[in-house]
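The values are calculated or read from the model by the stated rules, or taken from the named source; none is laboratory data. Just so you know, these numbers come straight off a predicted model, no measurement behind them. Neighbour counts are summed over all protein chains in view; Cβ atoms, including those assigned to glycine, are modelled from backbone coordinates with ideal geometry. What goes into the accessible areas is simple: the full protein's heavy atoms, side chains included, and nothing from ligands, DNA or RNA. Shrake-Rupley method; radii C 1.70, N 1.55, O 1.52, S 1.80 Å.
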Amino acid sequence: MNLRKEGMSLLMNRPQDAFGPLLKSWRARQHVSQLDLAMDAGMSQRHISFLETGRSKPSRYAVRQICEALGMPAAEHDVMLVSAGFAPQSTDASWNADIRKAVDLSIDHVLKSHDPYPAVAVDRIWNLQKANASALRFFAVAGGTGQPNLLCEVFSPGVLRDNIRNWPEVTRALFRLLDLEVARRPHDQEGRHLLEELKALPGVADAIAERPKEHPAPVISVEFLIDGAQLKLFSLIATVGMSMDATLDDMRMETLLPSDEPTRKWFAQFN
């Protein structure tokens, strides 16, 4: 699993004297005072002030303390490191190959163990990375075209979209999830471009602007109508815990589960 070229280009093109302005911007976004940040990061307020004005240069350890105190995603941590003149942590060659292999095998295990129900691994903007056999079979039956981005697949006009009975509701929910993810990363141009691309698709802008007519259910099920069978699925999303690597931090494992007994019986035929 390697960093995407566009993301890496973004990191390496970041000016290496931009740490102070970036720190100030992040602190403002989080509504954190210099004093509060200093206390959370184990530093003096004077040092935080000097870092923001450029009078002091941060150590690699100081960058890590500040990023953790501000709750930055791993990709933004990399941006801060590069802006301070350090190599991004996600390219650290000391990463043990055995650990990478263990994570990869574990993701495969989760996906395979979820059969006969669909399960996929996606990145932060829902580009498909892996899928179990059930997911590949289900999306084919449901009318998927094999687009590499699952949001584009669901939002684009076509058979799959037509087979989702509550498509506007699902679209609102998925668009909001992506919007929140992009909001966490002020330098995520790739995510912002995808938001614009999705919103420009026919019917999407109207769907996300529509207000629910009823009180929403606690869990939104995706309701499919496939060859006369009405299927209802809800999702669980898992992440790699305590990851300091941007690529792993981006990874999401979404498992789809039946919301009712008829759906459970429909998938049981493939077991």
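Past the 29 angstrom mark, what percentage of all C-alpha to C-alpha distances in the chain do you count? The calculated P(r) of the chain puts 43 percent of pairs beyond 29 Å. Adding -39500 (n - 2.57) for every DSSP H run of four residues or longer, then dividing by how many residues the chain holds, sets the calculated 222 nm ellipticity at -15000 deg cm²/dmol.
Accessible surface ranking for VAL79, VAL159, 1.4 angstrom probe, highest first: VAL159, VAL79.
Note on the chain: GNM, Cα springs under 10 Å; of PRO88, PRO168, PRO186, the largest mean-square fluctuation is that of PRO186. Starting from one equal scatterer on each C-alpha and no solvent at all, send me the Debye-based log10 I(q)/I(0) for the stretch 29-86 at q = 0.13, 0.23, 0.25 Å⁻¹, two decimals. Results for the stretch 29-86 at q = 0.13, 0.23, 0.25 Å⁻¹ read -0.28, -0.94, -1.11.
Relative contact order for the stretch 146-271: 20 percent, from Cα pairs under 8 Å spaced at least 6 residues apart, divided by residue count. Once both labels are positioned 7 Å from their Cα atoms along Cα-to-Cβ, the gap between LEU35 and ARG100 label points is 4.7 nm. Largest GNM mean-square fluctuation among LEU180, LEU195, LEU150, using the chain with Cα springs under 10 Å: LEU180.
Per residue, the average separation of C-alpha pairs within less than 8 Å and at least 6 apart gives the chain a relative contact order of 19 percent.
What ranking, highest mean first, results for peptides 124-132, 47-55 when packing means the other Cβ atoms within 10 Å averaged over each residue?
Details: 124-132: 19.8, 47-55: 16.6.
In descending order of packing, they fall as 124-132, 47-55.
Across the options LEU198, ALA62, GLN147, the greatest Cα extent toward the positive end of the charge dipole of the chain (unit charges at beta carbon of Lys, Arg, Asp, Glu) belongs to ALA62. Evaluated with a Cβ-only charge set (Lys, Arg +1; Asp, Glu -1), the chain carries a dipole of roughly 460 debye about its Cα centre, given to the nearest 20. In sequence order, the stretch 45-61 has phi-based couplings of 4, 4, 5, 4, 4, 5, 5, 5, 8, x, 6, 10, 9, x, 7, 4, 5 Hz under the Karplus curve 6.51 cos²θ - 1.76 cosθ + 1.60, θ = phi - 60°, and Gly or Pro positions carry x.
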